[in-house]
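Have a look at the structure below, then the notes.
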Amino acid sequence: MRWALVKVCLAVTTMVVVAFAVPLGLVVKEMARDRAFTGAERQAAALAPALSITTERDPLERVVASAGSDAQMAVHIPAVDGKPAVDVGRRHAADADITTVRRMGRASTTEVPGGFTLLQPVALGSGAIAVVEVYVPEAEVTNGVGTAWAVLAGVGVALIVGSVAVADRLGVRMVQPAQRLVEGAHELGEGKLGARVPEEGPTELRLAAVAFNSMADQVVQLLANERELAADLSHRLRTPLTVLRLNAASLGEGPAADQTRAAVAQLEREVDTIIRTARQAKPQTAAAGSGAGCDAAEVVRERMEFWSALAEDEGRKWRVAGAGRPVRVP
């Protein structure tokens with residue numbers, strides 16, 4: 001039961017962790033990508049005012065240097081009105097991609113060796129379309145993703161380990177009362193009438209322990225009643241035995257008289273044996289160990305009830321005094 005509970009908890013927790021960690025990891029990756037390209041868009045937007053003023057190489061080179069690294073930014077101005085095309089910065093994108101962006105008039109992201117490029121079209125005063133290229137290295141796109149995934153994996157492993165530990169403790173809490181119940185049943189079956197089970201654990205097992213202890217008490221009570229009945233009957237036989245012994249003594253001599261006296265003596269010995277056995281075989285009514293004890297007042301009442309039969313036969317008056325309240329003794 002313990003290991004079954006641990007396996008179920010392990011499977012459920014693993015599914016929950018995977019169901020939440022995988023989408024969350026993908027979201028973190030997408031957020032890192034968006035952050036990198038948002039920064040590239042800001043850098044590209046910073047060149048738009050300069051392109052609306054001038055298309056000369058030297059001013060543009062200074063603007064590119066001030067806006068970012070010339071290794072990551074480039075400006076591509078087409079040839080207009082007999083002026084040659086101008087390329088400022090380091091090119092990463094292919095000519096076909098630049099031409100496509102210039103023709104379509106909207107930004108585009110292209111994968112290049114080592115990373116990505118953001119191609120941002122900018123309208124010039126002459127009506128031509130310039131393209132601002134911002135290179136985004138792979139390291140910036142995945143910046144922080146590995147750390148976030150490691151944290152998610154660590155949290156997932158911690159959740160799984162914690163759930164397994166909690167399931168194991170719950171399993172122990174459920175299994176131990178069941179094991180004690182099994183041990184108590186074995187002891188009671190072996191004749192140890194003092195076997196009792198602590199009423200602990202989950203509600204079902206606690207109710208089972210209560211039922212077991214009640215059953216054991218009933219067994220002990222039945223055996224005690226049988227022994228009390230045997231002892232009581234034996235005591236009641238003493239009076240007729242005394243009469244028989246007196247009658248046998250008055251028979252005089254002869255084989256028949258001797259046999260009668262021998263039979264009466266043997267019957268009296270058997271009655272004594274029954275009484276002695278009933279006294280010695282009184283069942284234990286509580287489990288032995290620290291804290292075990294009894295109610296002295298209850299013992300006094302039981303003993304007086306036990307000997308009341310003999311007292312009545314002998315005509316003796318008796319009463320119980322001072323045993324109305326419970327008195328616990330070891």
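The values are calculated or read from the model by the stated rules, or taken from the named source; none is laboratory data. It should be emphasised that the depicted structure is a prediction, and the values quoted were computed from it without experimental measurement. Cβ coordinates were reconstructed from backbone atoms using ideal geometry, including for glycine residues, and neighbour counts include every protein chain displayed. In case anyone asks, the SASA skips ligands and DNA or RNA and just uses the protein heavy atoms, side chains included. Shrake-Rupley method; radii C 1.70, N 1.55, O 1.52, S 1.80 Å.
Size check on the range 1-132: the Cα extents along the three principal axes, sorted descending, read 87, 28, 23 Å.
Here is how the number arises for the chain: DSSP H runs of 4 or more residues each give -39500 (n - 2.57), the sum is divided by the residue count, and the result at 222 nm is -23000 deg cm²/dmol. Normalised by residue count, the chain yields a Cα convex hull volume of 225 Å³ per residue. Ignoring ligands, DNA and RNA, please state the percent of accessible area on the chain from carbon and sulfur, probe 1.4 Å. Answer for the chain: carbon and sulfur cover 60 percent of the accessible area. The aspartates and glutamates within cross-link reach of residue 83, meaning a Cα-to-Cα straight distance under 16 Å and a gap of 8 or more places when in the same chain, are 56, 58. Near residue 197, the amide H atoms lying under 5 Å from its own belong to 213; only residues 5 or more places off or on other chains count, and H is placed 1.01 Å from N. Each label point was placed 7 Å from the Cα along the Cα-to-Cβ direction; for residue 12 and residue 200 their separation is 2.5 nm. What the phi angles of the range 16-32 give under the Karplus curve with 6.51, -1.76 and 1.60, with θ = phi - 60°, is a coupling list of 5, 5, 5, 5, 9, 6, 5, x, 5, x, 5, 5, 4, 4, 5, 5, 5 Hz, glycine and proline written as x. Straight-line reach from residue 317: taking Cα to Cα under 16 Å and skipping same-chain neighbours fewer than 8 places apart, the aspartates and glutamates in range are 305.
Note on residue 160 and residue 219: the model spin-label points, each 7 Å out from Cα along the C-beta direction, lie 4.7 nm apart.
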